[in-house]
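Input: a single structure, listed below in structure tokens.
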Protein chains: 2
Amino acid sequence: MNSNESLAIGIDIGGTGTKFGIVDKNGNVLFSGEMSTKKHKEIEGFIEELHGHLEVLIGRAGGIGRIRGIGMGAPNGNFYTGTIEYAPNLPWSGIIPIAKMMSDKFQLPVTLTNDANAAAIGEMMYGAAKGMRDFIMITLGTGVGSGIVANGQLIYGHDGFAGELGHTIVIPDGRMHQGTGKKGSLESYASATGVRLTALEMLENSKEDSLLRDADKDTLDSKVVYNAAIKGDKLALEIFDFTGKILGLALANAVMFSSPEAIILFGGLTKAGDLILKPTRKHMEENLIQVFQNKVKILVSHLKESDAAILGASALAWDKK
Amino acid sequence: MNSNESLAIGIDIGGTGTKFGIVDKNGNVLFSGEMSTKKHKEIEGFIEELHGHLEVLIGRAGGIGRIRGIGMGAPNGNFYTGTIEYAPNLPWSGIIPIAKMMSDKFQLPVTLTNDANAAAIGEMMYGAAKGMRDFIMITLGTGVGSGIVANGQLIYGHDGFAGELGHTIVIPDGRMHQGTGKKGSLESYASATGVRLTALEMLENSKEDSLLRDADKDTLDSKVVYNAAIKGDKLALEIFDFTGKILGLALANAVMFSSPEAIILFGGLTKAGDLILKPTRKHMEENLIQVFQNKVKILVSHLKESDAAILGASALAWDKK
């Protein structure tokens, strides 16, 4: 660590937890930590705790003078206004001027964007999308987020909210999304919650024997389904096929919209590997018209999961004037 | 007409007919004409006839020396390669190097893009999208095309084929598209053919009295449906409601993707005015999550229909180096 080099803070706010770290220009995460998002019903308490953790790390990194700025990724984070607006997966409702609040607290410039946009920037600077000018980043976590890069630029849209692929409707009148009240969105199926609901529905509607029948209903998640699937459990395999069918359809629609070179997937569900990727690819290709067939790569992010989000967020700070 | 000013040729190739014109820098179409696309099974004969028509117009405009270049819009036209590739609505199959063929014939620089992209450029330079940096152009004609502008730039995608919103799937396992073999695409419902099929289906599946029952089945189109609807015909109104429901859903998905300031509609179906716009707006809003609600304008192009496509195509020629 060069003691004159300037550093950036990257913060990734998720529905469950928040990750933060201090990053150098080469994308090395020098110091990092995490805390709960969920337990903070008030944004003020959240920022207070975050400040406490970061003060310690900033001290270790050589003091505030070395920090160039803070980059943050958050669901429904708006690049233009620095506000988090109506985020269905966060504990704070309405419009939260988080960039301003953080900047007042830390006395540093703060840049905000949505979490998937931050991940897309991270992939473009340090990951699987290095050198690409047209790609789509999709995060398959608690929710489903996306960041769209076209002509080498992140698409923010006129108001800063572009890239909400997770909320596009894939199955009209399909499964109800608890957070948004909309029916049949991609997030209702391809998120962690979505896979869990698919598993519970299939267990109920099928008479088939399955290892999943012995699983604890409260902790049944994509990892449990994965463990059953690799043992050849038919119902578990069907759950991934069904999820891949819907994800593949959504990817085909995204491809016909912005024609990316690659789609980069990131997050918990990708740990199922080919069990989810194979049906996803198959159904994407089936729904594409000829000019798009067999040319779009589906890649899994190879950034270390705990680092990627922080890296992406920190990358925002380097651009800040 | 200033006799030293340079001019551009704009050509819009549609599935049925091709329009062409000579345009000045202010967007005035000085000379124009049209011809059949459909009757030319061979591209060579098509170019031969087009060249004949344009020679006359070029002569009237003061000779080839005044023409800066040719801009063309065509379904599946590729900006990067100058080829039309696998266009389901054109008589020529496979990959057609039309820009090269045209350039050889006319001895002029030729720029190609897809027809909806050309229309988007026309709207941005001379029409309803003047001054906008983020908008989506949707053409509702024989087919459904789209051109997406984000950050003030047209999105071509990595291979030049971005913007095929008409082929995105809105109703999984829905109506079969005769040209592509895919089921449930926007074009299967919101194109001229789509509205006609909806009318025929509804007439067959309903017992309801309707003015449309007296219409000639062979010429039943959105104009016939419109004429019945303004007389209060219930079935005709239902046809527009159904079409608006599907178009509105597709628009909502597009909005959540690239968050445009406006969606500009163009083409035959828009002549139905509020009969199609009202249900479209309603269903778009219903499918949007909160952050996107009540802020996206749905506008109808106010360029003269015969001019708009030529203008958009000609605008391509001005950019050519």
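The values are calculated or read from the model by the stated rules, or taken from the named source; none is laboratory data. Remember, it's a predicted structure, so these values are computed and weren't measured experimentally. Using ideal geometry, Cβ is built from the backbone for each residue, glycine included, and neighbour counts are taken over all protein chains shown.
Can you name the residue in the range A:228-261 that is more than 11 Å from chain B (Cβ to nearest Cβ) and of a type outside the set (A, V, I, L, M, F, W, C) and, of all such residues, is surrounded by the most Cβ atoms within 10 Å (Cβ to Cβ)?
A:Thr243
Of the conditions (1) in a strand (DSSP E or B); (2) closer than 16 Å to A:Met72 by Cβ; (3) out of contact with any Phe, Trp or Tyr (no Cβ under 8 Å at 6 or more places or on another chain), A:Ile58 clears all except one; give me its number.
Unmet condition: (1).
How many residues does the range A:141-154 contain that are within 16 Å of the chain's Cα centre (by Cα) and closer than 20 Å to A:Lys130 by Cβ?
5
Taking the range B:168-180, which residues are modelled with pLDDT of 95 or more and surrounded by fewer than 20 Cβ atoms within 10 Å (Cβ to Cβ)?
Across the range B:168-180, the qualifying residues are B:Ile171, B:Pro172, B:Asp173, B:Gly174, B:Arg175, B:Met176.
How many residues does the range A:213-228 contain that are within 15 Å of A:Thr243 (Cα to Cα) and among the basic types (Lys, Arg)?
1
Go through the range B:213-299 and tell me which helices (runs of 4 or more DSSP H), entirely inside it, have 1 or more residues that are closer than 26 Å to A:His158 by Cα and either free of Cβ contacts under 8 Å to residues at least 40 places away in the same chain or under 21 Å from the mean Cα position of the chain (by Cα) (or both). Lay out the reasoning, then the answer.
On the way: elements: B:222-229, B:234-258, B:274-287.
By residue number, B:234-258, B:274-287.
When you scan the range B:13-33, how many residues do you find that are closer than 21 Å to B:Ile64 by Cβ and assigned to a strand (DSSP E or B)?
Number satisfying all stated conditions: 11.
Within the range B:142-153, which residues are crowded, with 22+ Cβ neighbours inside 10 Å and in contact with a strand residue (DSSP E or B) (Cβ under 8 Å, 6 or more places away or on another chain)?
Within the range B:142-153, B:Val144, B:Gly145, B:Ser146, B:Gly147, B:Ile148, B:Val149, B:Ala150 meet the criteria.
Has the range B:303-312 got at least one residue that is more than 14 Å from every other protein chain (Cβ to nearest Cβ), surrounded by fewer than 24 Cβ atoms within 10 Å (Cβ to Cβ), more than 20 Å from B:Ile155 (Cα to Cα) and in contact with a helix residue (DSSP H, G or I) (Cβ under 7 Å, 6 or more places away or on another chain)? Full working, then the answer.
If we filter the range B:303-312 for residues that are more than 14 Å from every other protein chain (Cβ to nearest Cβ), which is where we start, we get B:303-312.
Now drop any that are not surrounded by fewer than 24 Cβ atoms within 10 Å (Cβ to Cβ), which leaves B:303-307.
Checking which are more than 20 Å from B:Ile155 (Cα to Cα) leaves us with B:303-307.
Among the residues that remain, those that are also in contact with a helix residue (DSSP H, G or I) (Cβ under 7 Å, 6 or more places away or on another chain) are: B:303.
The answer is yes; a qualifying residue exists.
Let me confirm something: among B:Leu165, B:Leu200, B:Leu186, which residue is closer than 20 Å to B:Ile230 by Cα and at pLDDT 95 or above? Let's see the steps before the verdict.
Numbers: B:Leu165 fails: closer than 20 Å to B:Ile230 by Cα; B:Leu186 fails: closer than 20 Å to B:Ile230 by Cα.
Result: B:Leu200 is the single residue among B:Leu165, B:Leu200, B:Leu186 that is closer than 20 Å to B:Ile230 by Cα and at pLDDT 95 or above.
Do you know which residues across the range A:135-163 are touching a Ser or Thr at 6+ places or on another chain (Cβ under 7 Å), part of a loop (DSSP other than H, G, I, E, B) and at the interface with chain B (Cβ under 9 Å from one of its Cβ atoms)?
Within the range A:135-163, A:Ile155, A:Gly157, A:His158, A:Asp159, A:Gly160, A:Phe161, A:Ala162, A:Gly163 qualify.
Given the structure, is B:His158 modelled with pLDDT of 95 or more and in contact with a His (Cβ under 9 Å, 6 or more places away or on another chain)?
no
Could you say whether any residue in the range B:72-79 is at positive phi and modelled with pLDDT under 95?
yes
Across the range A:262-284, which residue is surrounded by the fewest Cβ atoms within 10 Å (Cβ to Cβ) among those that are within 14 Å of chain B (Cβ to nearest Cβ) and touching a strand residue (DSSP E or B) at 6+ places or on another chain (Cβ under 6 Å)?
A:Ala262
Kindly indicate whether B:Ala162 is under 26 Å from B:Thr81 (Cβ atoms) and surrounded by 17 or more Cβ atoms within 10 Å (Cβ to Cβ). It would help to see each step written out before you state the result.
On the way: under 26 Å from B:Thr81 (Cβ atoms): yes; surrounded by 17 or more Cβ atoms within 10 Å (Cβ to Cβ): yes.
So B:Ala162 fits the description; yes.
Select from the range B:71-95 the residues that are within 11 Å of another protein chain (Cβ to nearest Cβ), more than 20 Å from B:Leu154 (Cα to Cα) and either touching a helix residue (DSSP H, G or I) at 6+ places or on another chain (Cβ under 9 Å) or not β-branched (Val, Ile, Thr) (or both) and list them in ascending order.
Scanning the range B:71-95 gives B:Tyr86, B:Ala87, B:Pro88, B:Ser93, B:Gly94.
Quick one: A:Arg68 ticks every box in (1) away from every other protein chain (no Cβ under 11 Å); (2) within 20 Å of A:Phe20 (Cα to Cα); (3) buried (at least 22 other Cβ atoms within 10 Å of the Cβ); (4) touching a residue at least 60 places away in the same chain (Cβ under 8 Å) bar one, so which box is it?
Looking at each condition in turn, A:Arg68 falls short on (3).
Just for the range B:164-190: of the residues that are among the aliphatic types (A, V, I, L, M) and within 8 Å of chain A (Cβ to nearest Cβ), which one is farthest from B:Phe79 (Cα to Cα)?
Selected residue: B:Ile171.
With respect to the numbered conditions (1) modelled with pLDDT under 95; (2) among the hydrophobic types (A, V, I, L, M, F, W, C); (3) in contact with a helix residue (DSSP H, G or I) (Cβ under 8 Å, 6 or more places away or on another chain), which one is the sole condition not fulfilled by A:Leu288?
(1)
If A:Tyr126 satisfies every condition in (1) more than 8 Å from chain B (Cβ to nearest Cβ); (2) touching a strand residue (DSSP E or B) at 6+ places or on another chain (Cβ under 9 Å) but one, which is the exception?
So A:Tyr126 meets the others, but not (2).
Tally up the residues in the range B:212-226 that are farther than 17 Å from B:Lys278 by Cα and not charged (D, E, K, R), please. Steps first, please.
Of the residues in the range B:212-226, the ones farther than 17 Å from B:Lys278 by Cα are B:212-221, B:223-224.
If we keep only those that are not charged (D, E, K, R) too, we end up with B:212, B:215, B:219-220, B:224.
Residues in the range B:212-226 being farther than 17 Å from B:Lys278 by Cα and not charged (D, E, K, R): 5 in total.
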